[in-house]
Amino acid sequence: MSMSIGERDDDAPMMEMNMTPLIDVLLVLLIMFIITIPPQTHAVKIDLPVPDDTPMDANVDPIKNKLTVDQNDVLAWNGTPITLDQLNVYLQQTKAYAVEPELQFQPHPESRYLIVDQVLESIKRNEVTKLGFVGNEQYGRVF
C-alpha cells in the first residue's frame, strides 16, 4: 500500500489503481484452469509375467519372435511384413506351442502411437505372457 505524505484534498479522487483484487482474481482463474485440465488417462494395461526363480536349462534354445513397427507404420513378424489381422493369427498359433515363445516388440520412435496401441491391444487380447520390449535405447536419441 502506498501512503501519501503532504497536503491532500480528501474530496479528490484516488489516482492509483488498487492491483490487489485484480491479482487475486487472476490467481483464482489460473488455479481453476489448472484444476480443470483433463489428465492423460489413456493407457493399455498389460499384465507382465511374474519372474520365477526356477533355473533355466542352458541347452534349450528358446524360440523368439520379433515384432517390429517401422516409421511407415508397417508391421513385420520376424522381418516379414504383415497386417494386424495376420498378427492375431500368428499370436494364436504361438499359444499352441508347448512352451510359449518370447515375443520381442520393437516399435520405431517415429511410428504412430495409434498403430503401436493397436498392436499392444492385440497382444493383450491374445493373452501373450512372454513379452519383451527391445531397442529401448533408440528412444534416448529421439527425446
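The values are calculated or read from the model by the stated rules, or taken from the named source; none is laboratory data. Because the structure is a prediction, the values reported are computed rather than measured. As a convention, Cβ positions derive from the backbone with ideal geometry for all residues, glycine included, and neighbour counts pool all protein chains shown.
If you scan the range 33-46, which residues turn out to be loosely packed, with under 10 Cβ neighbours inside 10 Å and either of a type outside the set (S, T, N, Q) or at pLDDT 80 or above (or both)? Explain how you work it out, then say what you get.
Our first condition is that a residue be loosely packed, with under 10 Cβ neighbours inside 10 Å; within the range 33-46, this holds for 33-43, 45.
Of everything in the range 33-46, those that are loosely packed, with under 10 Cβ neighbours inside 10 Å and either of a type outside the set (S, T, N, Q) or at pLDDT 80 or above (or both) turn out to be Phe33, Ile34, Ile35, Thr36, Ile37, Pro38, Pro39, His42, Ala43, Lys45.
The conditions are (1) out of contact with any helix residue (DSSP H, G or I) (no Cβ under 8 Å at 6 or more places or on another chain); (2) modelled with pLDDT of 85 or more, and Asn59 fails exactly one of them. Which is it?
Exception for Asn59: condition (2).
Of the residues that sit in the range 66-101 and are among the hydrophobic types (A, V, I, L, M, F, W, C) and part of a loop (DSSP other than H, G, I, E, B), which one is nearest to Glu137 (Cα to Cα)?
The first filter runs over the range 66-101 and keeps only residues among the hydrophobic types (A, V, I, L, M, F, W, C), leaving 67, 69, 74-77, 82, 84, 87, 89, 91, 96, 98-99.
Those still in the list that are part of a loop (DSSP other than H, G, I, E, B) too: 74, 96, 98-99.
Values: Val74: 21, Ala96: 32, Ala98: 32, Val99: 29 Å.
Here the residue is Val74.
Return the residue satisfying two criteria in turn: it lies in the range 101-128 and is surrounded by 12 or more Cβ atoms within 10 Å (Cβ to Cβ) and of a type in the set (Ser, Thr, Tyr), and of such residues it is nearest to Val69 (Cα to Cα).
Of everything passing the filter in the range 101-128, Ser111 is nearest to Val69 (Cα to Cα).
Based on this model, can you work out whether Gln104 counts as in contact with a Lys or Arg (Cβ under 8 Å, 6 or more places away or on another chain), at pLDDT 85 or above and not in a loop (DSSP other than H, G, I, E, B)?
On the way: in contact with a Lys or Arg (Cβ under 8 Å, 6 or more places away or on another chain): yes; at pLDDT 85 or above: yes; not in a loop (DSSP other than H, G, I, E, B): yes.
In short, yes.
Condition check: modelled with pLDDT of 70 or more, in contact with a strand residue (DSSP E or B) (Cβ under 9 Å, 6 or more places away or on another chain) and in a helix (DSSP H, G or I). Does Leu30 satisfy that?
Working: modelled with pLDDT of 70 or more: yes; in contact with a strand residue (DSSP E or B) (Cβ under 9 Å, 6 or more places away or on another chain): no; in a helix (DSSP H, G or I): yes.
It is false that Leu30 is modelled with pLDDT of 70 or more, in contact with a strand residue (DSSP E or B) (Cβ under 9 Å, 6 or more places away or on another chain) and in a helix (DSSP H, G or I).
Return the only residue of Leu131, Leu87, Leu75 being free of Cβ contacts under 8 Å to residues at least 40 places away in the same chain and either surrounded by 15 or more Cβ atoms within 10 Å (Cβ to Cβ) or within 22 Å of the chain's Cα centre (by Cα) (or both).
Leu87
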